[in-house]
Amino acid sequence: MSRDRITRLGALPKALPTANLPSHVQETLREAILNGALAPGERLMVDDVAAHFGVSKIPVREALKALEADGWVLSQPRRGTYVRPLSPEELRETFEMRRLLEPYSARLAAERRTQGQLDELEDLLGQSAQALKEGDVVRVTAINSRFHSVMAHAAGNAMLAESIAKLELQLRRYFVAVDWQQRRESMAQHTAIYEALREHDAAMAERLTLAHIAHTESLAKASVDEARSTQVLAA
């Protein structure tokens, strides 16, 4: 094993359940991809992963196949399996979908949100502020993604919420490298959107969400540019 693979895998949790090993390995690796513990382009050797978790190669192979089917890793002859690189094309397509779906969803959410959903959004704003204060990049990113998912569910359209949740999950790893000042601006925008939802101001919620999407797209593009200059390439 190479030193860099040992170091990166060493950051992942090892505890495994007694049943459904492939699923647990899959979820652990996916979360590591989302939070940047496994870098874009990083090669995933079956032997290394199996040794880290203390399991046979069979559940690891099953987990990697499932991750490939979901688009989180790629496999190529002579290169093996590696974390899917950040992609300007994927980012463009994802934000095109966000601009179509999320402003309209925010409008519906302002009209249909429940008090419970509004309370959850307020709680998430508090959690985000605390995580930002503590410098917890991974937690801030996950909370922000959750904020958008709760907003989507507040629209009262299950199909719309499911589509937005998939987009938000896809984008999580693009925001790990965003600097703190930009994160503060993003959180301020979330607060303004929350206030529009609280006041049932559908037009304002739609307008603020569209502006927020434009802002976060610029941040994500900067992350891609940075990642492409330092991206780990499979040998």
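The figures follow:
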quantity	calculated
Per-residue HN-Hα couplings for region 155-160 [Karplus 6.51, -1.76, 1.60; θ = phi - 60°; Hz; x = Gly/Pro]	5, x, 10, 4, 5, 5
Nitroxide proxy distance, nm - points 7 Å out along Cα→Cβ at A158 and R79	3.9 nm
Region 70-166 - Debye-derived log10 I(q)/I(0), Cα point model, q = 0.10, 0.13 Å⁻¹	-0.38, -0.60
5 angstrom amide H check on V73, placed H, neighbours 5+ away	E68, R84
Normalised per residue, the volume of the convex hull around the Cα set of region 77-235 (Å³)	113 Å³
Centroid-to-centroid separation of region 141-155 and region 29-52 [C-alpha atoms, Å]	26 Å
Highest-fluctuation residue, V46, V138, V176 considered, GNM on the chain with Cα pairs under 10 Å	V46
About the Cα centre, charge dipole magnitude for the chain (Lys/Arg +1, Asp/Glu -1 at Cβ), debye	820 debye
Residues in region 105-146 reached by a label modelled at Q182 [backbone nitrogen below 14 Å; 7 Å Cα→Cβ]	141
Theoretical gain in end-to-end length, A211 to A129 [0.36 nm per residue, Cα-Cα removed]	27.4 nm
Gyration tensor (alpha-carbon) shape descriptor, region 124-213, a/c threshold 1.5	oblate
MRE, 222 nm, helices only [DSSP H, n ≥ 4, -39500 (n - 2.57), over the chain, to nearest 500]	-24000 deg cm²/dmol
Gain on full stretching of the segment that runs from A51 to L169 - 0.36 nm per residue minus C-alpha separation	39.7 nm
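Just so you know, all these numbers are worked out from the coordinates, no wet-lab data involved. From a predicted model like this one, the values you see are computed outputs, not experimental measurements. Here the Cβ is made from the backbone with ideal geometry for all residues, glycine too, and neighbour counts use every protein chain on show.
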